[in-house]
Amino acid sequence: MRKIKILVPYNFTTYDQKSLKFVINTFARNRDADVTLLSAYTPLPEIEARNAPIMARLKNSLSYLSQQNKAQEDVLRDAAKNLVQSGFSMHKVRAVFLPRKKDIATEIIQFVEANRFNLIVVNHKPKKATHYFTGNVFNKIITALRDVTVCVIT
């Protein structure tokens, strides 16, 4: 049987839980399945506080956002642990929390190409008005990738 490399982009929503449930129900018993959870976060700038009070407040705000990023990284690791507890081998599950440099679709596409995934499980929130202006992540992924199966969970 061919090795299955599964990528699950993770954005900390209830739709992500549906994607994980699908992956668990479909692939947990498959010894040839590797699963990677991917979350791309917006990196925070480094700011020197100096003596200005406004800079100190800004630095405090950035500290709060940094704590939020850390909390999300912990949630991502917990999701990976959930996969292991559901039957995946500990050596077959990975959680990747990487700084985002481009739009999320481009980050996913580049990650898939660099790591040669053959299955992506994305979720889709139906009827979101902003999709008319920004496009759907899964539409961009489907258009850009070849020889990769894309499973859309709604």
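The values are calculated or read from the model by the stated rules, or taken from the named source; none is laboratory data. All values derive from a computational prediction rather than experimental measurement. FYI the Cβ positions are ideal-geometry reconstructions off the backbone, even for glycines, and counts take in every protein chain you see.
Take Arg57 and decide whether it is of a type outside the set (A, V, I, L, M) and modelled with pLDDT under 90.
yes
Output the qualifying pairs, or none if there are none: Cβ atoms under 7 angstrom, residues six or more apart or on different chains, first residue in region 4-19 and farther than 14 Å from Thr149 by Cβ and of a type outside the set (A, V, I, L, M), second residue modelled with pLDDT of 90 or more and assigned to a helix (DSSP H, G or I).
Between residues of region 4-19 that are farther than 14 Å from Thr149 by Cβ and of a type outside the set (A, V, I, L, M) and residues that are modelled with pLDDT of 90 or more and assigned to a helix (DSSP H, G or I), the close pairs are Pro9/Ile108; Tyr10/Asp16; Tyr10/Leu76; Tyr10/Ala79; Phe12/Gln72; Phe12/Val75.
Please tell me if Phe97 is modelled with pLDDT under 90, of a type outside the set (A, V, I, L, M), closer than 25 Å to Thr14 by Cβ and crowded, with 16+ Cβ neighbours inside 10 Å. Step through it out loud before you land on a result.
On the way: modelled with pLDDT under 90: no; of a type outside the set (A, V, I, L, M): yes; closer than 25 Å to Thr14 by Cβ: yes; crowded, with 16+ Cβ neighbours inside 10 Å: yes.
Criteria not met by Phe97.
Return the residues of region 1-46 that are among the basic types (Lys, Arg) and not in a strand (DSSP E or B); say none if nothing qualifies.
Residues satisfying the conditions are Arg2, Lys3, Lys18, Lys21, Arg29, Arg31.
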